[in-house]
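Before any comments, here is the structure.
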Amino acid sequence: MSEVSTDRVQGEGRITGTRVAKVTLGEAFGEFWRHPSPWMILTTLVGAVTARVLVGEWRRTDLLAPLVFVALFPVIEWVVHVFVLHWRPRKVGPVLLDTLLAREHRRHHRDPRNLPLVFIPWQTMIGLMVLTVAVPLWVAPAGPGLTFMVTVAVMGLGYEWTHYLVHTDYKPRGRLYKAVWRHHRLHHFKNEHFWMTVTTAHTADRLFGTDPDPATVPTSRTAKNLHGLDPSTGSGQR
């Protein structure tokens, strides 16, 4: 490898993290199914598909809500990442307002290579599964509601797989995945205030102004310690 290529790879490694082992896609896929949230989403998906087939009454209009959801998914990811996962604990009187998702996400940032921390906590998944079933069937007829439910489950499984794979030592290959890989790892290893989407690159972040040229962004001191909080208490500046 030339000196220029070596410098480029080392520079890239400093801002996107380095791999420590060779992992095949098959090995990564096998590990993926050792965690609870993929199985919980898959259970929802199988149930929704089965129910949708039994209900029948297919209409082209059933696809309207799913298409809107897919189109908005990068925006949904961005909003959830910024306002839910990066929630800063606040005290209201003696009560500390914090959430399991926010706490677990702070742990995820402290140790991005810890794979169990990559996945949505199973406690949260239970609530999401209930909402995924109840809300579509409450606001829409059974057929369209179930079609929407299938869409949400597919997108959720895609989110978990993409987020997980980015944090493994699997080497990016395809151009599209490499862009997603680099985009999310910049968020973890360069600056936590930018690059907030996970399954896409340069989409909602461009819309909301959080997709700068990495060369213009300083490396954050708090990328692994969100908000500069004391990890033991979840409060106060370090």
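Give me the percent of Cα-Cα pairs in the chain that sit more than 27 Å apart, rounded to a whole number. Intermediate results must be reported in sequence, preceding the final value.
Details: 11900 of 28203 pairs.
Roughly 42 percent, rounded to a whole number.
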Quiz item: In the chain, which helices (entire DSSP H runs) extend 18 Å or more along their own long axis, judged by Cα positions, while averaging at least 1.6 on the Kyte-Doolittle scale?
Solution: 64-80, 122-139
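When the dipole is taken about the Cα centre of the chain, and only Lys, Arg (+1) and Asp, Glu (-1) are charged at their Cβ, what size is it in debye, to the nearest 20?
Working: 27 positive and 18 negative charges, 83 e Å.
Here the chain has a charge dipole of around 400 debye.
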Quiz item: Percent relative contact order of the range 70-224, based on C-alpha pairs within less than 8 angstrom and at least six residues apart?
Solution: 24
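Assuming a strict under-17 Å limit between Cα atoms, what lysine pair count do you get for the chain once near-sequence pairs (fewer than 8 apart, same chain) are dropped?
Working: Lys22/Lys171; Lys22/Lys178; Lys178/Lys190; Lys190/Lys224.
Lysine pairs, 8 or more places apart or on different chains, close enough: 4.
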Self-check item: Average accessible area per residue (Å²) across the chain - probe 1.4 Å, nucleic acids and ligands excluded
Solution: 57
Quiz item: How would you rank 79-91, 210-222, highest first, on the average number of other Cβ atoms within 10 Å across their residues?
Solution: 79-91, 210-222
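The values are calculated or read from the model by the stated rules, or taken from the named source; none is laboratory data. All values derive from a computational prediction rather than experimental measurement. Neighbour counts run over all protein chains shown; Cβ positions are idealised from the backbone, glycine included. For accessibility, only protein heavy atoms count, side chains too; no ligands or nucleic acids. Shrake-Rupley method; radii C 1.70, N 1.55, O 1.52, S 1.80 Å.
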